[in-house]
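Participant: Just dropping this structure here.
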Amino acid sequence: MLLPGSWLGVLGGGQLGKMFALTALTMGYRVVTWDPDPTSPAGEFASHHIQAGFHDPNALKIFCKYARAATTEFENIPEDILRALSGNMTVIPGPDPVSICQDRVREKKFLEKEGFPVPPFSEILVIEDLEVALKHVGTPSLLKINRWGYDGKGQTTVVSLNDAMKAFEDFGRVPCILEQKIPFVKELSVILGRNRKGEIRVFPVAENVHRNGVLETTVVPARISDMVAQKACQIAQEIASRLHYQGVLAVEFFLTEEGLLVNEMAPRPHNSGHFTLDACLTNQFEQQVRTLCGLPLGDPRLVSPAAMGNIMGECWSGGEEPDWEKILRNPDVKLHLYGKVEARPGRKMGHFTCLAEDADAALSRVRSILSELYHRTDSA
Ligand code: AMP
């Protein structure tokens, strides 16, 4: 068991690393972060920050000198670095589950082989694969790059072979996956912590809405039947167990008229779990600290219905700072800004969480604040 005072290492220095670092520091740990970005949000708060590429051997040496255990804050950390670190310290999650989650085809094949329900899909390695794949998957479908895609980037809807060929060319003919576009009723996510003994604690099921492939709102508890909630939790727990997973895992689902389909997994805390910071007894970053240090898992109980809204770079229209008073004037709304230097469209800059007497009320407050922040006339 690693107790407060120990050094914990984080690979990656974005907002998830920052929230991990803040939580770990609050609990009395010291944190070393490693990220190539000179303006890393996590690096600003870390006890020590290594600004270097992940293949810098000197950086690896320094990281090993500080950290007693390491975790990741984004899934695209090179697998060989995770393997090299595993020889020196506890690495949670381990290289095996992370490498599965880095590759959309491997991830879907793993889920399918283990008997979990996934949307129909086909692997696309060369342009000639598209015709057969479209016949198998049908249209409309989504062509996604296999690796490095996130927040709706590297994916596009296709309705014909011509579309698909053009999209494949536009992506530079890199390996892709073609997936059926699912007419879902809702999107859900389940975030859990699993320790080395195989014990699991599950956060409440979250209901999510995306805009242009990027999460816009999350509301808890999800407005679904108990049966669906239990099934989603059961699938997420079984996935974690089959992966022999240690750490915090997020599983995203499509809820359709026929039931649940697994969309994807993230081997780390997740944007749709940010409500846990203000609305749960233990937040997802504390659970990450606890799994990393071998502490007993924290109680993930929901203390209040809540909704979260993401603050994207678009809010800085014309380069002007958003009017934070629109959020801060509400005593039951909590603002979290990530401290990113440059606001770009599509970039996650922060989020806010509203606590209310029920899920509908929390979500409607979040939507109305978002409309004001984005100067939208619709409140969708
Ligand atoms: P992803 O990065 O694959 O999770 O995609 C981001 C978002 O795009 C999802 O949360 C959905 O809103 C949408 N999306 C992705 N794949 C599909 C699909 N197969 N069918 C319908 N919508 C999808």
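The values are calculated or read from the model by the stated rules, or taken from the named source; none is laboratory data. Quick caveat: nothing in here was measured; it's all calculated off a predicted structure. With ideal geometry, Cβ positions are generated from the backbone for all residues, glycine too; neighbour counts draw on all protein chains shown.
Participant: Taking the criterion of being within 13 Å of the ligand (Cβ to nearest atom), at negative phi and not β-branched (Val, Ile, Thr), would at least one residue in segment 124-139 satisfy it?
Facilitator: No, there is no match, as no residue in segment 124-139 is within 13 Å of the ligand (Cβ to nearest atom), at negative phi and not β-branched (Val, Ile, Thr).
Participant: What single numbered condition from (1) part of a loop (DSSP other than H, G, I, E, B); (2) polar (S, T, N, Q); (3) touching a Lys or Arg at 6+ places or on another chain (Cβ under 7 Å) fails to hold for Thr139?
Facilitator: (3)
Participant: Among the residues that make up segment 89-105, is at least one of them within 12 Å of the ligand (Cβ to nearest atom) and within 30 Å of Val289 (Cα to Cα)?
Facilitator: yes
Participant: Hand me the list of strands (runs of 3 or more DSSP E) wholly inside segment 144-238 holding 2 or more residues that are closer than 19 Å to Pro120 by Cα and within 16 Å of the ligand (Cβ to nearest atom).
Facilitator: Result: 155-158, 176-180, 186-194.
Participant: Also: Which one is nearest to Lys65 (Cα to Cα), of the residues in segment 25-45 that are β-branched (Val, Ile, Thr) and modelled with pLDDT of 95 or more?
Facilitator: The residue in question is Val32.
Participant: List pairs: first in segment 345-365 and over 15 Å from Leu302 (Cβ atoms), second small (Gly, Ala, Ser) and in a strand (DSSP E or B), Cβ under 6 Å, 6+ apart or cross-chain?
Facilitator: Phe352/Gly309
Participant: For segment 267-380, list the strands (runs of 3 or more DSSP E) that sit wholly inside it and hold at least 2 residues that are in contact with a Leu (Cβ under 7 Å, 6 or more places away or on another chain) and farther than 18 Å from Leu22 by Cβ; which are they?
Facilitator: Hits in segment 267-380: 306-312.
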